[in-house]
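What follows is one structure encoded as structure tokens, with my remarks underneath.
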Amino acid sequence: MKNIVINMKDIVTRFGDNLVHDRVSLTINEAEIYGLLGGSGSGKSSLLKEMIMLLRPQSGSIQVLGKDVLNISLIEAEELKQKWGVLFQSGALFSSLTVAENIGIALKEHTDLTKDFIDVIVRAKINMVGLPRYAAKLYPAELSGGMVKRASLARALAMDPKILFLDEPTSGLDPVGAEEFDQLILGLRDLLGFTVVMVTHDLDSIWNIVDRFCVLGDHKIVAQGTLDEVIKINHPVIEGFFKGARGSIRGRM
Amino acid sequence: MRNNANKSVVIVEKEDNTSLLRCNGAWTLKNITEITSVLQSIFQTTDKKSNINFDISAVDEFDSAGIILLLHTVKIFKVNSNNVNISGVSNSQEKMLAMFRGEEESADTSITKRYFFLNILKTVGKNTVSVLRDIVQFIAFLGESIASLGHYILHPSSIRFKAIIKNIEEAGVRALPIVAVTSFLIGVVIAYQSAVQLEKFGANLFIVDMIAISVTRELAPLITAIVVAGRSGSSYTAQIGVMKITEEIDAMKTMSFDPFRFLVLPRIIALMIAMPLMIFFADIFGICGGMFIAEIKLNLSYAEFINRLQNVLETKHLWVGIIKAPFFAFLIATVGCFRGFQVSYSTESIGRYTTISVVNAIFLVIACDAVFSVFLTELGI
Ligand SMILES: Nc1ncnc2c1ncn2[C@@H]1O[C@H](COP(=O)(O)OP(=O)(O)OP(=O)(O)O)[C@@H](O)[C@H]1O
Ligand SMILES: [Mg+2]
């Protein structure tokens, strides 16, 4: 059996009267690309935020890399946070730092590497995500949308994380750019062997790079598994997703 | 202990002109510092122009930092004209090496020398140019504001009365409490200091002249201007700066809403209307502060004080103070808006430009006041 990296059990999330998750459970294996799917407002981002300790569910248990994140000491939490990288939907690059400083800041704060070697790593990461070298000196406001995504990916990967969390990584990119970004993530996963958890609306991503995924609907997980497994399940949410016009076009291709 | 640690990472086997470096353990970010120091000591003890052979078959774990370090070390050895080889590379390691090798080789290694003296000159030059550029831009900004003011006057229907009224409330009416308190306290301070001196000469009554003239001509206008610069000047910069970052200004431009007419002029006009009134208000409270202390310290009754006040406080003194108000208001509002438009995309720059805007505004107000002082005195007013 594969190693389980993230294990969520019976998660209940409520904002006031708004019940978002009603006893949701899921497991994510090592080195797989796992997708979180569902309609707008179905609670994908909330679920992701619960995994990375930005949000606390009302009840349930969450294990990340073998640590119970709901009952974790401060020191363990600090250690754990260095083992994952997060790419936020809008990039969330620090606007007052250059791209190079954005990528290097975690290395500077959390390791005792020399400045010169940090520069070497930063340069390698900029190249790794396919940014041109001159991008290092630019500020986030001077980047295009696709470059922002790549720069934040480089920042998320700066510390060689074991898990990479992505919130809608390809939203706002054109189809070609989205495809390239998907392939980049796939290639890096194969190369570096980290686990990827991504929230996505992009059917292409699910088709091309996601190994397993779950579909959220009616406050629950309506299906979980590989594409072949999920597509067989008869549920209105899944039919809406894969049998609507946009989904079936891809089926025909 | 230290030796053991070394051994676990790299084992050196020397043979004639060839060193075999057997790499072990986990070459990951966690151990990088340790590995680096080990490699450094190896580097110092190997001869130039020798053969170096890295054997990485025994490495349990590589992450990208480890690979980058390996390639970086190879490069450093090569600079020393060593002959370097990497052997025992697995398939996946080969892929990682290939990924990062391209970058390492193409990266420029030229070392830029730092000249201390030239750097000073460079900084001075850069700052001078940026100050000059600031001044030119500010003059352009003034020109544009005045031009759109002309547009307002030619097309009175385009005046944004609602925005002006809102700004008068925000910058004027809401500032009244703080203006009242500060000017009252200034009146108290002046009265207190002069009471002690005047008492020595038995010239108690002259405290009225002293307070009336100093408050109305200089203190009330200055204090009001400083309060307004700190309160409204800074908020103008921050408001416009945020609108710039969120691209609201660009949106306005595309919808052909001239930012000058919609944002800048209402603020300037509002402040120019509000400020004279605020100064008059400050005059009253400043004099009240003085009257209060005169009664306590010098036993000068309120009635006597007011009686004397009517004799000595000519209207021209009040006018001298109030006539400056539109100028101060114009400076504060234009500097505030100007700096707001200079904010560029980062959240940090809002803070920086807000500070600059307040400092500039207060400086300009005091400079303007000095000009008025000289000018009016020469005219004998
Ligand atoms: N901080 C919050 N306070 C109150 N309600 C919230 C909060 N965050 C999320 N919600 C609610 O939780 C629900 C799920 O939100 P979430 O952001 O997880 O949806 P999502 O699946 O990511 O949607 P989208 O695809 O549009 O990003 C929504 O109904 C939202 O209104
Ligand atoms: Mg979301």
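Here B:G143 meets the list (1) surrounded by 11 or more Cβ atoms within 10 Å (Cβ to Cβ); (2) under 15 Å from B:F260 (Cα atoms) almost entirely, failing just condition (1). Taking the conditions (1) surrounded by fewer than 16 Cβ atoms within 10 Å (Cβ to Cβ); (2) at positive phi in turn, A:I75 satisfies each one other than (2).
Which members of region B:20-53 meet the condition of being in a helix (DSSP H, G or I) and not hydrophobic (A, V, I, L, M, F, W, C)? Of everything in region B:20-53, those that are in a helix (DSSP H, G or I) and not hydrophobic (A, V, I, L, M, F, W, C) turn out to be B:K30, B:N31, B:T33, B:E34, B:T36, B:S37, B:Q40, B:S41, B:Q44, B:T45. For region B:362-374, the condition of being buried (at least 19 other Cβ atoms within 10 Å of the Cβ) and under 12 Å from the mean Cα position of the chain (by Cα) holds for none of the residues.
One line per residue, one yes/no per condition, for (1) within 23 Å of A:S95 (Cβ to Cβ); (2) open to solvent by 10 Å² or more (accessible area, probe 1.4 Å); (3) touching a residue at least 60 places away in the same chain (Cβ under 8 Å); (4) away from ligand 1 (no atom under 16 Å from the Cβ):
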{"position": "A:L153", "(1), (2), (3), (4)": "yes, no, yes, yes"}
{"position": "A:D160", "(1), (2), (3), (4)": "no, yes, no, yes"}
{"position": "A:D174", "(1), (2), (3), (4)": "no, yes, no, yes"}
{"position": "A:G177", "(1), (2), (3), (4)": "yes, yes, no, yes"}
{"position": "A:L186", "(1), (2), (3), (4)": "no, yes, yes, yes"}
{"position": "A:L191", "(1), (2), (3), (4)": "no, yes, no, yes"}
{"position": "A:F194", "(1), (2), (3), (4)": "no, no, yes, yes"}
{"position": "A:L203", "(1), (2), (3), (4)": "no, yes, no, no"}
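Where strands (runs of 3 or more DSSP E) fall wholly inside region A:178-231, the ranges with 3 or more residues that are within 16 Å of ligand 2 (Cβ to nearest atom) are A:195-199, A:212-217.
For A:L36, the requirement of being within 16 Å of ligand 2 (Cβ to nearest atom), open to solvent by less than 60 Å² (accessible area, probe 1.4 Å), away from every other protein chain (no Cβ under 14 Å) and not in a helix (DSSP H, G or I) is met. Only a single criterion out of (1) assigned to a strand (DSSP E or B); (2) within 14 Å of ligand 1 (Cβ to nearest atom) is not satisfied by A:L48, namely (1). Only a single item in (1) surrounded by fewer than 19 Cβ atoms within 10 Å (Cβ to Cβ); (2) under 26 Å from B:E144 (Cβ atoms) is not met by B:G336, and it is number (1).
Of the residues making up region B:153-174, those that are in contact with a helix residue (DSSP H, G or I) (Cβ under 6 Å, 6 or more places away or on another chain) and either modelled with pLDDT under 90 or exposed (fewer than 10 other Cβ atoms within 10 Å of the Cβ) (or both) are B:I159, B:R160, B:A163. Does A:V86 meet the test of being open to solvent by 10 Å² or more (accessible area, probe 1.4 Å), in contact (Cβ under 8 Å) with a residue 12 or more places away in the chain, closer than 27 Å to A:A124 by Cα and within 16 Å of ligand 2 (Cβ to nearest atom)? Yes, satisfied. Selection of region A:97-130 for residues being assigned to a loop (DSSP other than H, G, I, E, B) and either at pLDDT 90 or above or among the hydroxyl-bearing types (S, T, Y) (or both) yields A:T98, A:T111, A:T114. Residue count for region B:253-269, restricted to those that are open to solvent by less than 20 Å² (accessible area, probe 1.4 Å) and over 13 Å from B:F341 (Cβ atoms): 3. The number of residues in region B:233-264 that are touching a residue at least 24 places away in the same chain (Cβ under 8 Å) and more than 30 Å from A:F94 (Cβ to Cβ) comes to 5.
Under the condition of being under 14 Å from B:I273 (Cβ atoms) and out of contact with any Phe, Trp or Tyr (no Cβ under 9 Å at 6 or more places or on another chain), the residues counted in region B:150-161 number 2. Considering only region B:300-312, I want to know if a residue exists there that is among the hydroxyl-bearing types (S, T, Y), in the same structural domain as B:P177 (by TED's automatic domain parsing), over 26 Å from B:T354 (Cβ atoms) and in a loop (DSSP other than H, G, I, E, B). Within region B:300-312, one or more residues are among the hydroxyl-bearing types (S, T, Y), in the same structural domain as B:P177 (by TED's automatic domain parsing), over 26 Å from B:T354 (Cβ atoms) and in a loop (DSSP other than H, G, I, E, B).
Remark: A:S25 falls outside the filter, which requires a residue to be in contact (Cβ under 8 Å) with a residue 24 or more places away in the chain, of a type in the set (S, T, N, Q) and within 13 Å of ligand 1 (Cβ to nearest atom). What are the residues in region A:12-33 that are more than 16 Å from ligand 2 (Cβ to nearest atom), in a strand (DSSP E or B) and among the aliphatic types (A, V, I, L, M), if any? Passing the criteria: A:V12, A:L19, A:L26, A:I28, A:I33.
The rows are residues; the columns are (1) in contact with a Phe, Trp or Tyr (Cβ under 8 Å, 6 or more places away or on another chain); (2) within 14 Å of chain B (Cβ to nearest Cβ).
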residue: A:D119; (1), (2): no, yes
residue: A:A154; (1), (2): no, yes
residue: A:D174; (1), (2): no, no
residue: A:L184; (1), (2): no, yes
residue: A:D190; (1), (2): no, yes
residue: A:M198; (1), (2): yes, no
residue: A:S205; (1), (2): no, no
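Taken together, the residues in region A:57-68 that are over 12 Å from A:K9 (Cα atoms) and either within 16 Å of ligand 2 (Cβ to nearest atom) or under 18 Å from the mean Cα position of the chain (by Cα) (or both) amount to 1.
Within region A:53-64, the set of residues being surrounded by 18 or more Cβ atoms within 10 Å (Cβ to Cβ) and under 22 Å from A:A31 (Cβ atoms) comprises A:I62, A:V64. Just one of the numbered conditions (1) part of a helix (DSSP H, G or I); (2) free of Cβ contacts under 8 Å to residues at least 24 places away in the same chain; (3) hydrophobic (A, V, I, L, M, F, W, C) is not true of A:A141: (2). Checking each residue of region B:347-355 against the condition of being open to solvent by less than 50 Å² (accessible area, probe 1.4 Å) and within 18 Å of B:A274 (Cβ to Cβ) gives no match.
The values are calculated or read from the model by the stated rules, or taken from the named source; none is laboratory data. Owing to the predicted nature of the structure, the values given are computational and were not obtained by experimental measurement. For neighbour counting, all protein chains shown are included, and Cβ atoms are generated from backbone atoms with ideal geometry for every residue, glycine included. Note: accessible area is taken over every heavy atom of the protein model, side chains too, but ligands, DNA and RNA are not part of it. Shrake-Rupley method; radii C 1.70, N 1.55, O 1.52, S 1.80 Å.
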